[in-house]
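As structure tokens, the structure follows; a few thoughts come after it.
The values are calculated or read from the model by the stated rules, or taken from the named source; none is laboratory data. This structure is a prediction, so every number in the text was calculated from the model and none was measured. Heads up, the Cβs are rebuilt from the backbone with ideal geometry, glycines too, and the neighbour counts pull from every protein chain shown.
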Amino acid sequence: MDPFKGQGGIQMLLIAEQEAQHIVSNAKDEAEREATEYRSHIEEEYQKSISENTGSSGSNVKRLEEETNAKIKNLKKSTSKVSSEVVDMLLKYVTNIKT
Amino acid sequence: MNDADVSKQIQQMVRFIRQEAEEKANEISVSAEEEFNIEKLQLVEADKKKIRQEYERKERQVEIRKKIEYSMQLNASRIKVLQAQDDVISSMKEAASKELLNVSHHHHLNLLSHHHHEYRNLLKDLIVQCLLRLKEPSVLLRCRKDDLHLVEHELDSAAQEYAEKANVDPPEIIVDNQVYLPPGPTHHNSHDLYCSGGVVLASRDGKIVCENTLDARLDVVFRKKLPEIRRQLFG
């Protein structure tokens, strides 16, 4: 009877142990790969939201500009009605001398 | 027990040991797979957490930057409106300044006109007001060259009116015939010094000066009435 024939089981166990170690050590590489994928996905989402925000902030600026110009237009329109009163009031005070 | 039985028993034992080994190897493999999954999950979750935190921070920064930019734009917009208000007020003063010229201008056209008398009376009142402020027995007077004859015409009555009001002797008023106040503005000299009318009186030593030109009065009135003007214009 071959004395080494019984070694097969031990060999099998050794191989199983080595494979187990190899599998566990692969976990880090696998995790890194998944994390990299996740990062690129998040980055894509982030860039998308930034470009959307840029568009909306651009329209906000435009809206603000339009509102400001409208305010100034109304301001000039409303003040032109009372401007002569103001000028008259100033002239009255300049030419009315209290002695 | 013969050899065949012994051999059979040994074979059985070998099979049993091999089966045990296979089961153990299988267990090791399953356990390794489990450990792999747990380890990987922990590493992935830790990395994902870090990545999420990093991007949350980035997004917060973007939000803050957006708020700052909007705040700056809002501020710029408010400044623009305030500037427009200031421009409106300045234009009012400018309009009043132009109107002042009409107060003193008409007397050149017709010496007997209503405006001529109005401006003459105004000059007299301005002189009296200055005298009341200075309360000096002797004063120097400066006016525009154009107004010299009007001023000289009103000097006595102004001195007399002051004397009555202040209960003093009429003062000596010396008109400066060397240095005159600048003339009214024209298109050619719009950036030069100008005077729309009125007078400047000073004590003999020049230490006390009463500036009663129409322009100086407009400046004073404008400053004093600015809050009222703002209310009237912008509510």
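Structure summary
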read-out	value
Scope the stretch B:201-230; condition β-branched (Val, Ile, Thr) and free of Cβ contacts under 8 Å to residues at least 60 places away in the same chain; matching residues	B:VAL209, B:THR213, B:VAL220, B:VAL221
Qualifying residue in the stretch A:13-28 (condition: assigned to a helix (DSSP H, G or I), at pLDDT 80 or above and more than 7 Å from chain B (Cβ to nearest Cβ))	no
Matching strands (runs of 3 or more DSSP E) fully within the stretch B:121-235 where at least 3 residues are hydrophobic (A, V, I, L, M, F, W, C) and farther than 27 Å from A:VAL87 by Cβ	B:138-142, B:172-175
Test: residue in the stretch B:8-17 that is in a helix (DSSP H, G or I), in contact with a helix residue (DSSP H, G or I) (Cβ under 9 Å, 6 or more places away or on another chain), of a type in the set (S, T, N, Q) and surrounded by 11 or more Cβ atoms within 10 Å (Cβ to Cβ)	no
Matching entry among B:LYS93, B:LYS58, B:LYS67 (being touching a residue at least 60 places away in the same chain (Cβ under 8 Å) and either closer than 30 Å to A:THR68 by Cβ or not assigned by the TED database to the domain that holds B:LEU218 (or both))	B:LYS93
Residue selected from the stretch B:57-71 under the condition within 23 Å of the chain's Cα centre (by Cα) and modelled with pLDDT under 90, by the criterion surrounded by the fewest Cβ atoms within 10 Å (Cβ to Cβ)	B:LYS67
B:SER90 being at pLDDT 80 or above and either assigned to a helix (DSSP H, G or I) or under 60 Å from the mean Cα position of the chain (by Cα) (or both)	yes
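Okay, residues lined up against (1) exposed (fewer than 12 other Cβ atoms within 10 Å of the Cβ); (2) within 30 Å of B:LYS98 (Cα to Cα); (3) in contact with a Lys or Arg (Cβ under 9 Å, 6 or more places away or on another chain):
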| residue | (1), (2), (3) |
| --- | --- |
| B:LYS135 | no, no, no |
| B:CYS143 | no, yes, no |
| B:ASP169 | yes, no, no |
| B:LEU181 | no, yes, yes |
| B:GLY184 | no, yes, yes |
| B:GLY197 | no, yes, yes |
| B:LYS207 | yes, no, no |
| B:CYS210 | no, yes, yes |
| B:ARG223 | yes, yes, no |
